[in-house]
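The values are calculated or read from the model by the stated rules, or taken from the named source; none is laboratory data. As the structure is a computational prediction, the values presented were derived from the model and not from experiment. Quick reminder, even Gly has a Cβ in these numbers, built from the backbone with ideal geometry, and neighbours come from all protein chains shown.
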Amino acid sequence: MTDKMGIACLEELKKAIETGQPKYTERLVLQALEESIRPSRILNEALIPAIHSVGDYYRSDETDIPQILLSARCMRIGLDLLEPQLERWGRHYQGKIILGTVEGDLHDIGKNLVAVMMRSVGFKVLDLGVDVLPEQFIDALQSNPEVNIVCISCLLTPSIVELRTTVQAIRQVKSLSHIKIMVGGGAISEAIAQKMGAVYTGSAIEAADRAKELAREMGEKA
Ligand code: B1M
């Protein structure tokens, strides 16, 4: 396959996600894989730019919520197809992380991307889903003592309060004092994260890289 054909397929896939066509999205992802386009390229050159354009259209009132939900479904389909392929490209096992979207917040596209990127670099991921209460994070951490990192996604400004409560609740549990708490999502900035005593990253790729560094640092200390 020539690179031009690959680019055409990725362009078409991006459009299919932006215009919310789940069946066509599935077909194009499978086609891209059959054409031996690298899964990381499909993710970085079609899926991620598509969902960012959808966000831009939403901000400028060029799309509505049903349309966004269709694009979100396309994203889910694409990520589900790519994930096993990305995992195969992942290097050696890095450990296990716990991940979830903060209480009150139902956004999961960014969180799912974080899960995919974490798996692709070699982490096992326990995904607690969306609208996760502080006690659910704590229960999961206590039931999985091998976990050293928890990642929390937050897209809604009003949910920053719940995020702070969650971080404080985890910090108050003595047996979890070694846990590294990573936060991210559109409502969070470096300054907000620092004030909470959490580690901030702006993207799923950065989150996976930072988690790898943290895992290495903790491994060295142990
Ligand atoms: Co909502 N929404 N939404 N929404 N939505 C936003 C977030 C908003 C910014 C839109 C806007 O007004 N401009 C706004 C929040 C404003 C604010 O508080 N700051 C908003 C609002 C207000 C709402 C509702 C309240 C709307 C309403 O009902 N009136 C409602 C809330 C429901 C709730 O959660 N309780 C709501 C609902 C929805 C839908 C259901 C329609 C849908 C969600 C579908 C789904 O997730 N399954 C939706 C969507 C799609 C969006 C936008 C358009 C896109 C979000 C997205 O998926 N972006 C968004 C506008 C925008 O962002 N431009 C908007 C793509 C995704 C890849 O980016 O999640 O930022 P993101 O993830 C990035 C990084 O942030 C980072 O990695 C990812 C990629 O590299 N990252 C992490 C994310 N989590 C991380 C965790 C980490 C590290 C990095 O941990 C270590």
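Data for the structure
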item: Any hit, the range 170-177, residues being touching a residue at least 12 places away in the same chain (Cβ under 8 Å), surrounded by 13 or more Cβ atoms within 10 Å (Cβ to Cβ) and within 13 Å of the ligand (Cβ to nearest atom); result: no
item: Top-ranked residue of the range 104-136 - restricted to ones that are in a strand (DSSP E or B) and away from the ligand (no atom under 13 Å from the Cβ), ranked as modelled with the lowest pLDDT; result: LYS124
item: Unique residue being in contact with a Leu (Cβ under 7 Å, 6 or more places away or on another chain) and touching a residue at least 60 places away in the same chain (Cβ under 8 Å) when the list is VAL130, VAL116; result: VAL116
item: The range 22-60: number of residues that are free of Cβ contacts under 8 Å to residues at least 24 places away in the same chain, farther than 18 Å from ALA8 by Cβ and assigned to a helix (DSSP H, G or I); result: 6
item: Residue within the range 160-181 that is at pLDDT 95 or above, out of contact with any Asp or Glu (no Cβ under 9 Å at 6 or more places or on another chain) and among the acidic types (Asp, Glu) present; result: no
item: Which listed residue, of ILE51, ILE68, is buried (at least 19 other Cβ atoms within 10 Å of the Cβ), at pLDDT below 90, under 20 Å from LYS111 (Cβ atoms) and within 9 Å of the ligand (Cβ to nearest atom); result: ILE51
item: Lone qualifier among ARG164, ARG171 - being part of a helix (DSSP H, G or I) and touching a Lys or Arg at 6+ places or on another chain (Cβ under 9 Å); result: ARG164
